[in-house]
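Notes for the one structure printed next.
Every read-out reported here was derived from the displayed coordinates using simple, explicitly stated rules and does not represent laboratory data. If you're wondering where the values come from, they're calculated on a predicted model, not measured in any experiment. Cβ: placed from backbone, ideal geometry, glycine included. Neighbour counts: every protein chain shown.
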Amino acid sequence: MSNSDPHSRNQVHYPKRELAELAIINYKSIREGDPVTSQKLLEASISRGFFYLDLTDDSHGRQILQDWQTVLELTKKWYDQPISSKMKHYNGLGKMGYKPAKEHAGLSSGTRDGYENIRTLRDDLFHNPSALLPYLRDNIALYTRFISELNTAAMKILSALSTDLNLPPDQRFELAHDTSKPSKTSFEVLRYSKQQNLNLNPTDQPVDGGHRQHTDIGTITLILCSQWGLQAFSPVCPTSTSPQSWQFVAPLPSHAIINIGDTLRYLSSHKLNSPIHRVVPTEELQDEDKFTSVYFLRASDDTVVRGVGGEEVRAEEWFGRKYRAYERDVGVLEGEGLSEVPTGGLGRN
Ligand SMILES: O=C(O)CCC(=O)C(=O)O
Ligand SMILES: [Fe+2]
């Protein structure tokens, strides 16, 4: 195995963790339109729906990595204020601004999630800066550059996939992402509180924490994270007879983690896979909070797709339905006939 192989590299430190074997896609090659890389990208998007994007040997990739560090520093500082100050920026479920922990269901029935979130809508950044959180507005040049680069990366991936799938010009995925139309595209930074008491729970009851299993709502998700916790469900096909398991997605330095979301699965007539994933607290991280920075590229609000059960749904409506479902406990969702929503119809809630 080569040195850049995520499995050989991480097995040394985490021998007991089952790892997801994901393809590594070189961003520079995607930008240059290399057909071999593009084919590899398509295969990864059809199979796991998860892959790494190597940002190292491209100037735009390096700019993303550099700006991410500055954004993280600013965000960590913001998170360190008292909850009462942060709650002034809470605008409700699925809205821009601050989200406190426990708003969504947790990893198992009866528990709640373990992360706070700051959501910035791309539309606010470009068209309505007065709606931004003040610390973002004070650094608007940085955020504009960073989010523009993240958007370019996500759009390059979409465009390569449209070409790989030989889509006719009027059905290319890019067309559903017209930036002159409103969308729920957002940049978010999640903070998972450290789980210091995880293994000291005397009753062995499930505890609050992590991020419930779900599929993402939009088209392309680009994750920047240097800490463990993200897991992908395997096998990807719910009807497969091979053993089911959760596999860790190892954080690789200087690589983004990309996954496909529901809307792109629907737009591709279910050819591309929108993988089920979750975040679990891990023992090694109990002395520090985990931060995940994510760009969620989403189709414009008026995009119509055939979703769960083949019925038509607007992208905006799918967003609202997912958030209402994320909030509800698994048992409640079943009672309401909504258990397919968090995983986009992939059969596990
Ligand atoms: O925190 C992570 O690693 C992933 C977060 C995630 O899956 C999400 O916000 O949709
Ligand atoms: Fe997700």
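Put a dot 7 Å past the Cα of Glu312, heading toward its Cβ, do the same for Glu336, and the two dots end up 2.5 nm apart.
Listed values for segment 296-304 are Karplus-derived 3J(HN,Hα) couplings in whole Hz (6.51 cos²θ - 1.76 cosθ + 1.60, θ = phi - 60°), namely 9, 7, 10, 5, 4, 3, 8, 5, 9, and x replaces Gly and Pro.
Here each label is just a point 7 Å from Cα along the line to Cβ, and for Met87 and Asp138 those points are 2.4 nm apart.
Once the C-beta distance of Leu65 and Ala23 is scaled by a Förster radius of 25 Å, the resulting FRET efficiency is 0.80 to the nearest 0.05. With q set to 0.09, 0.11, 0.13, 0.16 Å⁻¹, the log10 of I(q)/I(0) for segment 24-328, from the Debye formula over equal scatterers at the Cα positions, is -0.43, -0.66, -0.95, -1.52. Once C-alpha pairs closer than 8 Å and six or more residues apart are averaged by separation and normalised to the residue number of segment 24-328, the relative contact order reads 23 percent. At q = 0.18 Å⁻¹ the log10 of I(q)/I(0) for segment 12-93 amounts to -0.90, computed by Debye summation with a single uniform scatterer per C-alpha, solvent ignored.
Using a simple charge model, +1 on the beta-carbon of Lys and Arg, -1 on the beta-carbon of Asp and Glu, nothing else, what dipole does segment 24-328 show about its Cα centre, in debye to the nearest 20? Let's see the in-between values first.
Numbers: 35 positive and 37 negative charges, 103 e Å.
Value, rounded to 20: 500 debye.
Take 175-183, 308-316 and order them by the average number of nearby Cβ atoms within 10 Å per residue, most first; the result is 175-183, 308-316. Given their separation in residues at 0.36 nm each and the Cα-Cα distance between them, Asp287 and Lys95 gain 66.1 nm when the chain is fully extended.
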